[in-house]
Every structure is written in structure tokens, then in C-alpha cells.
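Contents: one structure, followed by commentary.
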Amino acid sequence: MIEKYNISYKETTNQILLINDTGIIIDSESIIFQNVNNKLISDLHPFFYILIDILPEYNQVFNFECINLQIENKHYTIDATLYTHGKNEPAAFVFHELTKQYVLYQKAAQKRNEAEIKSQLLNQQNNLLEEKETFKNNFITNFSHEIRMPVNTINGFSMLLENTNLEQKQRYNLNIIKDTNDKLKTMINDILDISKIETDQFSIYNMRFNLHEELNILAKIFGKKCEKKHLNFNFNLDTECPKYVVGDKYRLTQIANNLIGNAIKFTQIGTVNLSVSCVTKNNEKATLLLSVEDTGIGIENEQINSIFNGFYQVNNSIDNDGFGLGLAITKKLVYALNGKIELKSEYGKGSTFKVTLDFDIANNQKDTQPTQQHVLEDANQNYKILLAEPLEKNQIEFLNIISKLKNIGVTIVDSGDHVIQKLHQSPFDLVILNLKLPTMDGLDTARYIRHSNLEHFNNIPIVVISENPSKEEEHYCKERRINSYIGKPFNKEEILRKIKYIQQKKQA
Ligand code: ADP
């Protein structure tokens, strides 16, 4: 009879036991274990006790998995199949010996569990680190924003004081205040920049700009600085570089400023070379290589990677009033713009920093009028608007809309700092701010205006334009006494209606 079952289990190590309806093993093979004849099935495993009741009743197949048996001091792990035939014929118990497989399986499962536990632990640690990092970055961002306010106030009042009659000693002291405040401002802006990049709050302002003009301005400024330090300065601009490009003018200037500034700072004798060449160009794009070379103190090989870390400065004899953040920001900016930065340096001989950046070539290569001036001058203007908008096409769109108003004068600026500068120079009746402004963003600029102690600042109506409007942002703006919040896409009528409303309120 055993043979009958054996046919189906030929391939595996198994043992067949025949059991009568009272649970006694009446016949068995001896393949896995011996000497089980005449034993009660429940002697093999107490669990089988419950089967004794089933045996006479059912004509069925039952499957059991992963049963641990201990027979004659040996451990077995088996799967078992029970064929019951009621009282008609003995039941057959087929034991499949799977001890080895289960041990392997258990080991694998244990390993998997351990790996899972480890990865969960790692995840937890990562989450904790991320939370800490986010907290740190948010703290730095908020802290820097808050500290910028008093720094800007000192700046504003220093400018006012500068225009009064001061004695020589007073002017000297004022200059110290201004210098120190400028340094503090640079440091805060640097820290804010780093934390903005790290918290993904960093914006890229793609705008059409005159590349040649921007680089020439830079060359002029740094040429003068070199002159003062008795250094030679060479500027070479490849004529292959397109004149008008679309890209982030502010970030390009920031990168160049950092590198040229350092080249001058760390060079005592010799030359600083600035060259901009066009590596590749097609109808749409140009890859530019900005190279800043100096004959300064150079950097030791071991320091080359570290100087790109934040707050890292090489101990050297140069009087350095920096904070070790410039290169960290430069590298982050270059990467954020999908560019590359390389450094070659020879200690004692000089350094060359090379930055590769892609720019779109502007469709329109014709010269346009600079926009940072009174662009809409009405002879009878009695309502002065200061518009802060970085993108030229938006400036034009806006001008077209507000030119429908009568007796107005509009001054356009392209950054938050310029708004403050303009407000210090002359009074305005309305400030319109794009929230996405470089240097000081729209919200910071609005907060500065509202917190200023100057009365003509404090009460200026402010309209803000948001590129990505949201209820939360609108609420935030209202809480900060911003008179009107306009989300893009906006329509002409809405803007005109809001400005007219503010105008009428002033007259009332
Ligand atoms: P900072 O100039 O404010 O100290 P940076 O991040 O710009 O900070 O530079 C970090 C350090 O790298 C500098 O302190 C200086 O030691 C080194 N370094 C940067 N540029 C040069 C250079 N052109 N020549 C020599 N050393 C440089």
C-alpha cells in the first residue's frame, strides 16, 4: 500500500506512515526516522493529538507546514500531508523532510530581517538627521532674515546721516559703522544664500541680459581694485560669446565677483587675468568658460578640495576679512546652474579657477534701452510708482498696463536692494513688488519698508505680485500690512482696479 503513495513523492525525501482510526501507526517506512511502528501519532508531536478524532470521520486531504519533530533526540522540520479515508482504510501521513531547507530559509529570513531592521534603523537615523538639518536650515534662514532688518536699518540711517553736515571725525566714525555694517550684510547674505540653496528655496532668475555689458562692468570695477593694489589686470572677452543671452545675470555676477575678489585678495604682486570664452555654440545655446587666473599665494594640493567647504580658510599670512563662505556658495551656485567648477593651483605661484556655464542665446540680439530709470514720465505726474520686477518682458507688460493710468511716473528697478535705495532717494506713492526679486526678495523688501522708522517708508502702499499664488502666501502678506496681493496670471483690469482703489484711498 505504501508504494501507492510513494509514486507521487518519489523525488523528495519523505516517509509514509499508515495510521489506523485510533491514531496508532500501523506501518511506516524508515527513510527519515525509524522505530515508529505501533506508536501513537501524537507521540511524534502533541499537535497530532487532535487528528485522532478526525481520522475516522473524514475522507479528505490535510496539509501541515513547518512542523518541528523531535524523534530519538534528533530534530526534524517537516511538511506533512494527511490522507484520511474514514473507517474504510488506514489514513496515510506523508512526511516531507525539509529540515535543511527550513534552516536555510530561516537563516535567509533572519538575514533579511536583520537587513530590514538595519535599513529601518538607518532610515530612522537619516530622518533624524534630515529633521535636524531642516531645523538648522530653517533656523538660519529665519534668523538671517530677522537680522537683515536691523542691518538694513543701520544702512539706511547711515546713508541719511552721510548727507548731513558732519565733522571730519564724525564722518570717519560713520565710515567705520558703514564698513562694518557692509561686512555684516555680506556675511548674512552669504549665510542666507547657503541656507536657501540647501532648503531648495533658491531661485534662478532667467532673464535676457547683455553679457558683454555685464562683464565689462565687472572688469571695470575689478580693474580699479587691481590698480589700487598695484596689480596688473587683463580682461579678455571672446568675440564668439553672444551679446544677449538668457540666464541668471545675478548668479553669474556673484560667481565672478567671488572668484575675482579672491584672486585680488590673495595676490600681492603680479597679475589677475579674467577671460571669458565660448566653448561651444549652436543657434540656441552657448557654453561659456569663465577663467580667473592669478599669480598669488596659490593653494597647497591637500587644501584644494577643502576650500570649497563652508567656513574653511587656509591659514596664511594674508589679511583676510572674509568668512570662508564665498567658494562654498560659488560651488553650490555653479552646480545649481548645471555648470562645472575646476581649480588648478600651484602653491606659491598662483591659482586658476575655471567655471563652465550654459546660457540660452537670446532671440533678440538688438540693443534695448536700459530700464532702471524713470521710464514713464508724465509732465503732470503727481503719482509716483516704484516697480520692482527683474524680468524685462514682465517690466514691459506691466508698463503697458499702468500706462493706462493718468498723471503717473514709473521707476523700474530689478532687485530688492534697489527698491530700498530708491526709497531713500525720493518719496513714492506706491511700490509694486514681484515677490521673486533677487538680492532681497519681495517679502523681505516689504518687511523692511513696513518696519522702517521713516514715516514716508512706513506708510507707502505696497502691491505684491506672486508667480505662484497661494492662500497661505496671501494671508501672510495681509498680516504684514501689504495692501494688495495679485497672483499670476493676472489681468489688466484687476491691476488697474487695485491701483486706482489705492490711489482713491490716498486722496480720501
Ligand atoms: P574667504 O575668501 O572669505 O576666506 P572663500 O570661501 O572665498 O572664503 O575662500 C576660502 C579659502 O580659500 C580662502 O580663505 C583662501 O584660503 C583660499 N582661496 C580662495 N581663493 C584663493 C586664491 N585665488 N588664491 C589663494 N587662496 C585662495
Log entry, pairs with first residue in the stretch 251-277 being away from the ligand (no atom under 12 Å from the Cβ), second being among the aromatic types (Phe, Trp, Tyr), beta carbons closer than 6 Å, six or more apart or on different chains, reads 274/235
The number of residues in the stretch 319-333 that are more than 6 Å from the ligand (Cβ to nearest atom) and loosely packed, with under 15 Cβ neighbours inside 10 Å is 2
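Output the residues belonging to the stretch 90-110 that are closer than 30 Å to residue 53 by Cα and either loosely packed, with under 10 Cβ neighbours inside 10 Å or free of Cβ contacts under 8 Å to residues at least 60 places away in the same chain (or both).
Just the residues of the stretch 90-110 that are closer than 30 Å to residue 53 by Cα, to begin with: 90-99, 102.
Of everything in the stretch 90-110, those that are closer than 30 Å to residue 53 by Cα and either loosely packed, with under 10 Cβ neighbours inside 10 Å or free of Cβ contacts under 8 Å to residues at least 60 places away in the same chain (or both) turn out to be 98, 99, 102.
Results for (1) over 21 Å from the mean Cα position of the chain (by Cα); (2) closer than 26 Å to residue 240 by Cα, shown as yes or no for each residue.
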| site | (1), (2) |
| --- | --- |
| 172 | yes, no |
| 176 | yes, no |
| 181 | yes, no |
| 187 | no, no |
| 192 | no, no |
| 198 | no, no |
| 208 | yes, yes |
| 215 | yes, yes |
| 218 | yes, yes |
Result of the Cβ filter at 6 Å on the stretch 304-333, keeping first residues that are free of Cβ contacts under 8 Å to residues at least 60 places away in the same chain and on the phi < 0 side of the Ramachandran plot and partners that are among the polar types (S, T, N, Q) and within 8 Å of the ligand (Cβ to nearest atom), at least 6 apart or interchain, is 314/303
| request: Could you tell me whether residue 227 is farther than 23 Å from residue 389 by Cα, in contact with a strand residue (DSSP E or B) (Cβ under 9 Å, 6 or more places away or on another chain), in a helix (DSSP H, G or I) and acidic (Asp, Glu)? | output: yes
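Given the options 190, 248, name the one that is crowded, with 17+ Cβ neighbours inside 10 Å, in contact (Cβ under 8 Å) with a residue 12 or more places away in the chain and closer than 30 Å to residue 132 by Cβ. Let's see the steps before the verdict.
Values: 248 fails: closer than 30 Å to residue 132 by Cβ.
One residue alone meets the criteria, 190.
Criterion first (at pLDDT 85 or above and more than 21 Å from residue 362 (Cβ to Cβ)) does residue 433 satisfy it?
Details: at pLDDT 85 or above: yes; more than 21 Å from residue 362 (Cβ to Cβ): yes.
Answer is yes for this residue.
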- Query: With respect to residue 300, is the statement that it is surrounded by 16 or more Cβ atoms within 10 Å (Cβ to Cβ) and within 12 Å of the ligand (Cβ to nearest atom) true?
  - Reply: no
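Evaluate the following for residue 72: is it closer than 27 Å to residue 103 by Cα, at pLDDT 85 or above and acidic (Asp, Glu)?
On the way: closer than 27 Å to residue 103 by Cα: yes; at pLDDT 85 or above: no; acidic (Asp, Glu): yes.
No; evaluated as a whole, the condition is false for this residue.
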Of those in the stretch 416-460 that are of a type in the set (Ser, Thr, Tyr) and crowded, with 20+ Cβ neighbours inside 10 Å, the residue farthest from residue 484 (Cα to Cα) is 452
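Residues to consider are 53, 27, 21; find the one that is over 24 Å from residue 105 (Cα atoms), assigned to a strand (DSSP E or B) and over 60 Å from the mean Cα position of the chain (by Cα).
Working: 53 fails: assigned to a strand (DSSP E or B); 21 fails: assigned to a strand (DSSP E or B).
Being over 24 Å from residue 105 (Cα atoms), assigned to a strand (DSSP E or B) and over 60 Å from the mean Cα position of the chain (by Cα) holds for just one of 53, 27, 21, which is 27.
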Determine whether the stretch 111-130 contains at least one residue that is of a type in the set (D, E, K, R), under 18 Å from the mean Cα position of the chain (by Cα) and loosely packed, with under 13 Cβ neighbours inside 10 Å. yes
The condition from (1) closer than 25 Å to residue 196 by Cα; (2) near the ligand (Cβ under 8 Å from one of its atoms); (3) assigned to a loop (DSSP other than H, G, I, E, B); (4) touching an Asp or Glu at 6+ places or on another chain (Cβ under 7 Å) that residue 338 misses is numbered (2)
Checked 295, 280 against criteria (within 12 Å of the ligand (Cβ to nearest atom), at pLDDT 95 or above and out of contact with any Phe, Trp or Tyr (no Cβ under 9 Å at 6 or more places or on another chain)); the one match is 295
Of (1) farther than 21 Å from residue 409 by Cβ; (2) in contact with a strand residue (DSSP E or B) (Cβ under 7 Å, 6 or more places away or on another chain); (3) among the polar types (S, T, N, Q), residue 445 satisfies every one except (1)
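The values are calculated or read from the model by the stated rules, or taken from the named source; none is laboratory data. Predicted model only: the values in this text are computed from it and were never measured. Cβ coordinates were reconstructed from backbone atoms using ideal geometry, including for glycine residues, and neighbour counts include every protein chain displayed.
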